[in-house]
Structure formats: structure tokens, C-alpha cells
Amino acid sequence: MKILFIGDVVGRPGRQIAARLLPRLITRFNVDLCVANCENAAAGFGLTPKVYEQLKAMEIAVITSGNHIWNKREIYPLLDEHDALLRPANYPEGVPGHGSCVVSTYAGERVAVLNLMGRVFLHALDCPFRCAEAEVAKLREEADVVVVDFHAEATSEKIAMGWFLDGRVSAVLGTHTHVQTADAAILPGGTAYMTDLGMTGPRNSVIGVNKDIIIEKYLYQIPKRFDTAKGPSILSGAVVDIDGKSGRANSILPIRMEDE
Ligand SMILES: [Fe+2]
Ligand SMILES: [Fe+2]
């Protein structure tokens, strides 16, 4: 089966390029399931119910997230209501929502998606490694294919998670940095790995934000309102080909498509 995983969708530019290119990608690569990290989909920060509906209308079966999911409170009730809308699983007990789900492909094959967040240069969450171990054991009882979105800052923490879960899940794909890495690989145990899928959003920006605002922030060190950049966009992600029976990944193909 082919799973298309889209990296952090940023604001309207990200939603628009996803809406334009997803149908083409799904046809071209015979995609069975589409997953996207959408923590920045509403004006660059968080998610709203309206934006959630727009994303679901694009054939995105599972929406993952990260630290920015908390920026817009109106999404909190939806985190509890919708099975396939995830926040990282290693937040403490009592936080709205859940970190994993099991869905079916168009052909009816079961796929589990697990969302985790790193702790290096991020929040002091529960250990993502121990959480991964417990969640994967549970999810493997329900699905042969488990795909992990590891939303983390530090390359080393992400690579370590790849090795930690090698042979136990079908893919460990990184999000959060908004910059695609050139290290897509199938690890020896059969897990597809990529440190970061990259961003789906405005290309001429600093990780999605208007570049002039960020340059000014670095020059003067005064807090500024972050606005999503305008102009041409890029869609980033990867297509992972997985053996639906064994759960082993056959290949991983990074995707980077610009506006035409
Ligand atoms: Fe992000
Ligand atoms: Fe993030």
C-alpha cells in the first residue's frame, strides 16, 4: 500500500497548494491513504473547526499535529470528538484529545497512525520513547501497518526514534522543522525513515512566516506578530510503499512540488 504523508501545512498558502496538488499526487502514486501534519494550517498557528473541515474535504484521512495545536482553543472539543484528528500521544493525562488512531485505506486495509513529540528544545512531556513502546504494542494488535509522525526539533532525537522503532513500525517520519531533510531511507529492520518531511506552505519565507518580520526580530530582538508569508508555495512530504501483510516498508520517496 502507498501512504502519502504531507509535512506541516502552513496557513492558507499551504492549504491551497495541498488542495491543488493532492488529487494529482493521489492518482500519480496510487495513494491508498493520505496523512498530513496540520498544526500550522490556520493562519500559521493551530487549527480551527472550519479549517479542519477544509482539510478533511481534501482526502486527508488522518490529521496529525504538534506543539502549535494548542494555539486556537476552538479546536479543543474536536480533538476529543474526531478519532482521526491527533495531538502528540505523550502529553500528560488530562489534556484534550488522543495521540493515535486506526483507519482503513480505500481498499479496507487497517493502518494505525501514531503522533509523538520530542522533548529536546520543546516542552517537558512524557518520554516519547517509552510512550512509543506502549502505544505501538497496543496498535500492532489492531493493525499490521503503523506509521509514526515524530514531531520534534532535534535531529538526533528523531534519528534515535527511527532506530528505536526500526522493525516495529512501518515508518517514522519527522515533522516540525519545516525543512525537508535529504536522509530518506529504509532502515535494516524494514522501517521507512526521514528526519523531516518539510513544509507545505509559502516558499519565500522563514519556515512559513513573512521573512521581513523574522529578519527584523533577529536584528532588534523585539517581539513581533508573526504573519504567514504570501507568494508561491511548495508542497513537501513523502510517499511510503508498505507491504500490508508484514508491515515492512519497501520504499520511501520524498516529495517536493512547487507551484507551476
Ligand atoms: Fe509546524
Ligand atoms: Fe511544531
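The values are calculated or read from the model by the stated rules, or taken from the named source; none is laboratory data. The shown structure was predicted, so the numbers you read here are calculated from the model rather than taken from an experiment. Reconstructed Cβ throughout: ideal geometry from the backbone, glycine too, with neighbour counts over all protein chains shown.
Quick check, is residue 85 surrounded by fewer than 20 Cβ atoms within 10 Å (Cβ to Cβ) and either away from ligand 1 (no atom under 14 Å from the Cβ) or of a type in the set (D, E, K, R) (or both)? First the steps, then the outcome.
Values: surrounded by fewer than 20 Cβ atoms within 10 Å (Cβ to Cβ): no; either away from ligand 1 (no atom under 14 Å from the Cβ) or of a type in the set (D, E, K, R) (or both): yes.
No.
Given the criteria over 15 Å from the mean Cα position of the chain (by Cα), modelled with pLDDT of 95 or more, within 25 Å of residue 2 (Cβ to Cβ) and not in a loop (DSSP other than H, G, I, E, B), does residue 182 qualify?
On the way: over 15 Å from the mean Cα position of the chain (by Cα): yes; modelled with pLDDT of 95 or more: yes; within 25 Å of residue 2 (Cβ to Cβ): yes; not in a loop (DSSP other than H, G, I, E, B): no.
Spelling it out, it is not the case that residue 182 is over 15 Å from the mean Cα position of the chain (by Cα), modelled with pLDDT of 95 or more, within 25 Å of residue 2 (Cβ to Cβ) and not in a loop (DSSP other than H, G, I, E, B).
Scan region 1-15 and report the pairs whose first residue is more than 15 Å from residue 148 (Cβ to Cβ) and aliphatic (A, V, I, L, M) and whose second residue is in a helix (DSSP H, G or I) and within 11 Å of ligand 1 (Cβ to nearest atom), with Cβ atoms within less than 7 Å and a gap of 6+ or a chain change.
So the pair list comes out empty.
Out of everything in region 36-78 that is without any contact (Cβ under 8 Å) to a residue 60 or more places away in the chain, in a loop (DSSP other than H, G, I, E, B) and out of contact with any helix residue (DSSP H, G or I) (no Cβ under 7 Å at 6 or more places or on another chain), what residue ends up being farthest from residue 98 (Cα to Cα)? Before you say what the answer is, go through the steps one by one.
Here is the first cut: in region 36-78, the ones without any contact (Cβ under 8 Å) to a residue 60 or more places away in the chain are 38, 41-42, 46-63, 68-78.
Going one step further and asking which of them are in a loop (DSSP other than H, G, I, E, B), we end up with 38, 41-42, 46-48, 57-61, 71-72.
Subset that is out of contact with any helix residue (DSSP H, G or I) (no Cβ under 7 Å at 6 or more places or on another chain): 57, 60-61, 71-72.
Working: 57: 22, 60: 18, 61: 16, 71: 17, 72: 17 Å.
Applying the filter and picking the extreme gives 57.
Go through 115, 90 for me and flag whichever is polar (S, T, N, Q) and either free of Cβ contacts under 8 Å to residues at least 12 places away in the same chain or farther than 27 Å from residue 245 by Cβ (or both).
Numbers: 115 fails: either free of Cβ contacts under 8 Å to residues at least 12 places away in the same chain or farther than 27 Å from residue 245 by Cβ (or both).
90 is the lone residue from the list that is polar (S, T, N, Q) and either free of Cβ contacts under 8 Å to residues at least 12 places away in the same chain or farther than 27 Å from residue 245 by Cβ (or both).
With the requirement that a residue be among the charged types (D, E, K, R) and within 16 Å of ligand 1 (Cβ to nearest atom), what does region 23-53 give you? Break it down into steps so the answer makes sense when it comes.
The first filter runs over region 23-53 and keeps only residues among the charged types (D, E, K, R), leaving 24, 28, 32, 39, 50, 53.
Listed by number, the list holds a single entry, 39.
Looking at 177, 191, which is the one that is touching a strand residue (DSSP E or B) at 6+ places or on another chain (Cβ under 8 Å), at pLDDT 95 or above and hydroxyl-bearing (Ser, Thr, Tyr)?
Numbers: 177 fails: touching a strand residue (DSSP E or B) at 6+ places or on another chain (Cβ under 8 Å).
The match here is 191.
What is the residue count in region 59-80 for residues that are out of contact with any strand residue (DSSP E or B) (no Cβ under 8 Å at 6 or more places or on another chain) and within 13 Å of ligand 1 (Cβ to nearest atom)?
Number of matching residues: 3.
Please state which one of 222, 215, 234, 255 is surrounded by fewer than 14 Cβ atoms within 10 Å (Cβ to Cβ) and either part of a strand (DSSP E or B) or modelled with pLDDT under 95 (or both). Show your work before the answer.
Numbers: 215 fails: either part of a strand (DSSP E or B) or modelled with pLDDT under 95 (or both); 234 fails: surrounded by fewer than 14 Cβ atoms within 10 Å (Cβ to Cβ); 255 fails: surrounded by fewer than 14 Cβ atoms within 10 Å (Cβ to Cβ).
It is 222.
State whether one or more residues within region 94-101 are under 13 Å from the mean Cα position of the chain (by Cα), closer than 21 Å to residue 38 by Cα and modelled with pLDDT of 95 or more. I'd like the intermediate steps shown before the answer.
Taking region 94-101 and keeping what is under 13 Å from the mean Cα position of the chain (by Cα), we get 99-100.
Add one more test, that the residue is closer than 21 Å to residue 38 by Cα, and what stays is 99-100.
Next cut, modelled with pLDDT of 95 or more only: 99-100.
Yes - at least one qualifying residue is present in region 94-101.
Residue 33 versus (1) under 24 Å from residue 208 (Cα atoms); (2) touching a Phe, Trp or Tyr at 6+ places or on another chain (Cβ under 8 Å): which is the lone unmet condition?
If we test residue 33 against (1) under 24 Å from residue 208 (Cα atoms); (2) touching a Phe, Trp or Tyr at 6+ places or on another chain (Cβ under 8 Å), just (1) comes out false.
Assuming residue 239 fulfils every condition listed in (1) in contact (Cβ under 8 Å) with a residue 40 or more places away in the chain; (2) not in a strand (DSSP E or B) apart from one, which condition is it?
With respect to (1) in contact (Cβ under 8 Å) with a residue 40 or more places away in the chain; (2) not in a strand (DSSP E or B), residue 239 is out only on (2).
Please give the number of the condition residue 106 fails out of (1) within 16 Å of residue 4 (Cα to Cα); (2) within 16 Å of ligand 2 (Cβ to nearest atom).
(2) is the only condition that residue 106 fails.
Listed residues 194, 199, 161; which is within 15 Å of ligand 2 (Cβ to nearest atom) and of a type in the set (A, V, I, L, M)?
Working: 194 fails: within 15 Å of ligand 2 (Cβ to nearest atom); 161 fails: within 15 Å of ligand 2 (Cβ to nearest atom).
Every option except 199 fails the conditions.
If I go through region 197-207 residue by residue, how many of them are assigned to a loop (DSSP other than H, G, I, E, B) and either in contact with a Pro (Cβ under 6 Å, 6 or more places away or on another chain) or more than 10 Å from ligand 1 (Cβ to nearest atom) (or both)? Please lay out each step first, then the result.
Our first condition is that a residue be assigned to a loop (DSSP other than H, G, I, E, B); within region 197-207, this holds for 197-199, 203-205, 207.
Within this subset, residues satisfying the condition of being either in contact with a Pro (Cβ under 6 Å, 6 or more places away or on another chain) or more than 10 Å from ligand 1 (Cβ to nearest atom) (or both) are 197-198, 203-205.
The total comes to 5.
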